[in-house]
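For reference, the structure is listed below as structure tokens.
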Amino acid sequence: MSQRKTNAAPHREEHDVVIIGGGPAGCAAATLLAEMGHDVLVLEREKFPRYHVGESLLPFTYHPLERLGLLEKMRKSAFVKKYSVQFVSVSGKASQPFYFSTRYNPDVAQTWQVLRSEFDQMIMEHARQKRALVKEEVTVTGLLREAGKVTGVHAHGEDGSSTEYRARITLDCSGKESFAAVRNQWRIKDPKLNKVAVWTYYKGAKRDEGIDAGATTVAFVPEKGWFWYIPQHNDIVSVGVVAEGKYLSRDGVKNPEEIFKREIERNAWIEEHLQSGQQVGPYYVTNEFSFHSKYCATEGLLLVGDAFCFLDPVFSSGLMFALKSGVLAAETIHAAFLANDFSPERFAEYGATLRQGIENMRKLVYAFYDENFSFRALTDKHPDLAGDVTDCLSGDVNKDFTRLFAAIAEFAEVPDVLPYGSPQIGKAEVARV
């Protein structure tokens, strides 16, 4: 729809909290803040339901879902139940499924494969039920600042109308777009995690039997590339390949469909499972580069979810971090309201908690892509560390994994911790918008 231009002065609204983005991170924070009695506004650029990739939940998503009061809705949904993950070698040989029930109680051990259009809509409507105000088809165009402090956002509606939304605290939950980090020049690429993903959907593709029907499968292709294979409801499977761009585009092939079909032939398990299915919808392609925000917050602004850090999707950590950070952000902001203190220092623990979990998962991702590493070799040599591997892969990431990463270092590079994620104190390096 074309936008009608207007020269009228912007309208002005006041709220306690303004949230950029109505995805899982934004609506998780909005749900709890509204439940706590705050006046919360969520500004979402698109009209829901809308398409989004990133469809597999980790077991430890259970805890933020429980905190948000969403478990009953999830249990009543059509989403496919996920009990395990398995890995398939380049030759097409599948490992034994890795069952979460060997480590966790049944509530945590069973999670879901979700259709994001439905899942994200569920969370948005839940936020509205808790009396958060959610405005769709509103595009945020800039951050408002006064004396170096973020005081809200400037946005325009689908009809071209212009509004200044002011608040005590603004949350950037804009996802991979990372609205504030880009404009503040805070976004920093990970040194090595720079992949390309090509994916599509199949109807009627093969599923394993019984409780394995909902398993996530990670199937390898040469040069440390991999397929995801995620069964969804309505007999749909999400399937995509992730690898270095130079590998996927070798021999000058650039067309996503050609790349995808060629890579199917590189793994016998994927080829066999897709034979009975029919490809549906478009082929998608995107850079899956990992990035980190230099800061988690500045005065008047807090970054949440992918806007704070986007990590390589191999272990499906994105939704877990989105929901977890949304819950943690809401609790931290509520405490700031109670203390009437929104100084950036208050968000130091928030940033440190998220970075600890991100760094632990990031180290495991680095190992995954190392030619000399395999989980089997690690656990064969160090069987006592199998539980630590399970915990990190399941999203129980805020714990001390010193022994695990010392053992991984025998096989693969373990990256240094990146010095990012604390709040910005003072006005230095804050860019004007």
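Observations on the model:
- FRET efficiency, 1/(1 + (r/R0)^6) with R0 35 Å, evaluated for residue 425 and residue 287 via beta carbons: 0.60
- Highest average first, the peptides 320-332, 147-159 ordered by how many other beta carbon atoms sit within 10 Å of their residues are 320-332, 147-159.
- Ignoring aspartates and glutamates fewer than eight residues from residue 82 along the same chain, the ones with Cα atoms less than 13 angstrom from its Cα are 55, 107, 208, 209, 212.
- For the chain, DSSP calls about 70 percent of its internal beta bridges antiparallel.
- Given R0 = 56 Å, the distance between the Cβ atoms of residue 53 and residue 161 translates into a calculated FRET efficiency of 0.95.
- Portion, in percent, of the accessible area of the chain that falls on carbon or sulfur, probe 1.4 Å: 49
- Among 106-116, 173-183, the order from most to least packed when residues are scored by Cβ within 10 Å on average: 173-183, 106-116
- Computed label-point distance, nm, for sites residue 233 and residue 105 using a 7 Å Cα→Cβ extension: 2.6
- 350, 99, 104, ranked by accessible area, largest first (probe 1.4 Å): 99, 104, 350
- Across the stretch 256-335, the mean sequence separation of Cα contacts (distance under 8 Å, 6 or more residues apart), normalised by length, yields a relative contact order of 21 percent.
- Mean separation of Cα contacts under 8 Å, 6 or more apart, over the residue count of the chain: relative contact order %: 21
- Highest mean packing comes first when the peptides 377-386, 351-360, 66-75 are listed by Cβ atoms within 10 Å, giving 351-360, 66-75, 377-386.
- Whole-number accessible area per residue in Å² for the chain, which is evaluated in the context of all protein chains at 1.4 Å: 41
- Solvent-free Debye calculation, one equal scatterer per alpha-carbon of the chain: log10 I(q)/I(0) at 0.08 Å⁻¹ equals -0.45.
- The chain - charge dipole about Cα centre, Lys and Arg +1 at Cβ, Asp and Glu -1, debye rounded to 20: 600
- Computed helical MRE - 222 nm, the chain, DSSP H runs ≥ 4 contributing -39500 (n - 2.57), nearest 500: -9000 deg cm²/dmol
- Gap separating the Cα centres of the stretch 259-307 and the stretch 346-394, nearest whole Å: 20
- Taking the stretch 36-115 and dividing mean pair separation by its residue count, relative contact order in percent (alpha carbons under 8 Å, at least six apart): 37
The values are calculated or read from the model by the stated rules, or taken from the named source; none is laboratory data. Computed from a predicted structure; not experimentally measured. Positions of Cβ are generated from backbone atoms using ideal geometry, with glycine treated the same way; all protein chains shown enter the neighbour counts. Heads up: the accessible areas ignore ligands, DNA and RNA and are worked out on the full protein's heavy atoms, side chains in. Shrake-Rupley method; radii C 1.70, N 1.55, O 1.52, S 1.80 Å.
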